[in-house]
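Working notes for the structure below.
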Amino acid sequence: MGFRLILEGEEDLHIVGEASDGAEAVRLVRELNPDVVLMDVRMPVLDGIESTRAITATGSGARIIILTTFDVDEYAFAGLQAGASAFLLKDVAPSELVSAVRVVASGDAVVAPRVTQRLLETYVRGAAVPAPSAAPRDPLLEDLTPRETEMLGAMAEGLSNAEIAHRYFLSEATVKTHVRRILTKLHLRDRVQAVVYAYETGLVVPSNPDY
């Protein structure tokens, strides 16, 4: 109810449905076709992870934001793997919640990229045993140009389009074009899925021992 009150106060945001459990969430997304879904990880009947997986499996264009209690949370990571576009802490400031919904709806950036990176560093490192270097290289990576591979690496660092443009002396429009091509070639839903992919395929190796 608190999130609803915050979002309803914005002229450009409209609440089209509210679910009391995960199964109802899946049904409402199918019926109402929302742009963005705020998904709690812990719900009755069907939890947020399975609900996210069910929604993305239908080919829905809805972008899902996982709501969690801790910034490094195995459920949040599972949510990203299941197809969520981002995650937020439940105590997020109202202005950050509104901004996150707009950012995810636009598809142009990852919400809280540094936090997302920390989450990936933590859980991909834990999964990368015993010999990550032995994992076969995904042949889809061969379809990327050298520039697109650079772009994917920068995305995996959590850089926004503007930051990538600044690093490589490109316009933001050019970066957006590269991002679209990367997502198409790798058959990925959005930027955060590209980041998860970069870690899971070994293109980016967790390196910071403090995470």
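The values are calculated or read from the model by the stated rules, or taken from the named source; none is laboratory data. Note that the coordinates shown come from a computational prediction; the quantities given were computed from them, not determined experimentally. Cβ coordinates were reconstructed from backbone atoms using ideal geometry, including for glycine residues, and neighbour counts include every protein chain displayed. Areas reflect the complete protein model, heavy atoms only, side chains present, ligands, DNA and RNA absent. Shrake-Rupley method; radii C 1.70, N 1.55, O 1.52, S 1.80 Å.
Values for this structure:
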item	result
Qualifying positions in the stretch 23-35 - surrounded by fewer than 19 Cβ atoms within 10 Å (Cβ to Cβ) and of a type outside the set (Gly, Ala, Ser)	Glu24, Arg27, Leu28, Arg30, Glu31, Leu32, Asn33, Asp35
Residue in the stretch 190-207 that is open to solvent by 50 Å² or more (accessible area, probe 1.4 Å) and farther than 27 Å from Ile66 by Cα present	no
Any hit, the stretch 52-62, residues being at pLDDT 85 or above, farther than 20 Å from Met155 by Cα and in contact with an Asp or Glu (Cβ under 9 Å, 6 or more places away or on another chain)	yes
From Pro94, Pro44, residue being open to solvent by 20 Å² or more (accessible area, probe 1.4 Å), farther than 21 Å from Ala194 by Cβ, touching a helix residue (DSSP H, G or I) at 6+ places or on another chain (Cβ under 8 Å) and in contact (Cβ under 8 Å) with a residue 40 or more places away in the chain	Pro94
Filter result for the condition that a residue is polar (S, T, N, Q) and at pLDDT 80 or above, over Ser207, Ser171	Ser171
Single residue of the stretch 63-89 satisfying the filter (at pLDDT below 85, in a loop (DSSP other than H, G, I, E, B) and under 12 Å from Val41 (Cα atoms)) that is nearest to the chain's Cα centre (by Cα)	Asp73
